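Trainee: One structure, as structure tokens, below. Some questions next.
The values are calculated or read from the model by the stated rules, or taken from the named source; none is laboratory data. From a predicted model like this one, the values you see are computed outputs, not experimental measurements. Every residue, glycine among them, receives a Cβ derived from its backbone with ideal geometry; neighbour counts consider all protein chains shown.
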Amino acid sequence: MNIRLISGIFKNHKITAPNSRQTHPMSERARNAIFNAIQQRIPNAEVLDAFAGTGALGLEAVSRGSKKVVFIEKSRSAQKILSENLKITEKNSNAGETKLIRASVSSWLNSTKSQFHLGEIEEIPSFDIIFADPPYYDPQFPTIKNLCKRLKTDGILILSQPKELENFESKELVLVNEKLYSGAKILFFKAK
């Protein structure tokens with residue numbers, strides 16, 4: 001299965017998606033709506049694509065001018081495909097920096113916090129935009145609550161969740177928009 005990047009320097013480039021129920025690539029229609037809604041925030045943004053899967057959200061951000069995108073994926077099969085998909089950024093010197101973290105989102109959150117306290121890193125990473133598209137069979141709301149702490153001031157979180165679930169809520173965020181696409185509910189949050 002292939003997924004088309006919609007706009008930017010990699011417009012119409014196709015990336016690979018696994019044929020598995022473990023990864024649920026977001027529809028092109030939903031991705032297009034997300035990026036139309038946040039287009040002004042993309043250039044030079046630092047982005048986190050949590051539960052990255054194919055990397056389609058993060059690669060779309062790179063294609064549209066993000067300065068840096070960090071992809072986090074724990075599934076080995078998805079990591080392999082994502083690693084291949086990221087090779088397109090190596091072919092274009094205008095592409096922003098990309099980094100693949102091979103871990104679960106919760107273990108990455110814990111390890112960066114520990115590294116900071118041990119003095120191994122100067123600051124805990126924070127982001128202008130966080131995409132969170134966890135597996136629908138395990139929405140991981142507690143992990144996403146911890147992810148919210150990694151948003152920069154005025155940062156945004158875009159969360160995809162099954163439409164039948166109650167909306168995710170966090171004291172650190174304000175829901176500013178909501179869109180429905182087939183089985184998905186896309187929630188747009190802004191940091192308080």
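Trainee: Restricting attention to the range 43-63, which residues are over 19 Å from Leu147 (Cβ atoms) and surrounded by fewer than 22 Cβ atoms within 10 Å (Cβ to Cβ)?
Mentor: Pro43, Asn44
Trainee: Among the listed residues Leu165, Leu147, Leu175, Leu157, identify the single one that is at pLDDT below 95 and touching a strand residue (DSSP E or B) at 6+ places or on another chain (Cβ under 7 Å).
Mentor: Details: Leu165 fails: touching a strand residue (DSSP E or B) at 6+ places or on another chain (Cβ under 7 Å); Leu175 fails: at pLDDT below 95; Leu157 fails: at pLDDT below 95.
Matching residue, one of Leu165, Leu147, Leu175, Leu157: Leu147.
So that you can scan it fast, the table gives a plain yes or no per residue for (1) among the hydroxyl-bearing types (Ser, Thr, Tyr); (2) under 25 Å from Thr143 (Cα atoms):
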position	(1), (2)
Lys14	no, no
Asn36	no, no
Pro43	no, no
Lys68	no, yes
Ser75	yes, yes
Lys80	no, yes
Asn85	no, no
Ala95	no, no
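Trainee: Listed residues Leu82, Leu100, Leu109; which is crowded, with 16+ Cβ neighbours inside 10 Å, touching a residue at least 24 places away in the same chain (Cβ under 8 Å), under 14 Å from the mean Cα position of the chain (by Cα) and part of a helix (DSSP H, G or I)? Reasoning before the result, please.
Mentor: Numbers: Leu100 fails: part of a helix (DSSP H, G or I); Leu109 fails: under 14 Å from the mean Cα position of the chain (by Cα).
Criteria check complete, one pass: Leu82.
Trainee: What is the residue count in the range 155-174 for residues that are of a type outside the set (Val, Ile, Thr) and in contact with an Asp or Glu (Cβ under 8 Å, 6 or more places away or on another chain)?
Mentor: 4
Trainee: State all residues of the range 85-97 that are at pLDDT 90 or above and in a loop (DSSP other than H, G, I, E, B); if no residue qualifies, say none.
Mentor: Gly96
Trainee: Among all residue pairs at least 6 apart or on different chains, which show Cβ distances below 9 Å where the first residue, located in the range 54-74, is in contact (Cβ under 8 Å) with a residue 40 or more places away in the chain and within 10 Å of Leu5 (Cα to Cα) and the second is of a type in the set (Lys, Arg) and part of a loop (DSSP other than H, G, I, E, B)?
Mentor: From residues that are in contact (Cβ under 8 Å) with a residue 40 or more places away in the chain and within 10 Å of Leu5 (Cα to Cα), the pairs are Ser63/Lys11.
Trainee: Does the range 113-127 contain any residue that is under 17 Å from the mean Cα position of the chain (by Cα) and crowded, with 22+ Cβ neighbours inside 10 Å? Let's see the steps before the verdict.
Mentor: Restricting attention to the range 113-127, the residues satisfying the condition of being under 17 Å from the mean Cα position of the chain (by Cα) are 125-127.
Add one more test, that the residue is crowded, with 22+ Cβ neighbours inside 10 Å, and what stays is 127.
Yes: the range 113-127 contains one or more residues that are under 17 Å from the mean Cα position of the chain (by Cα) and crowded, with 22+ Cβ neighbours inside 10 Å.
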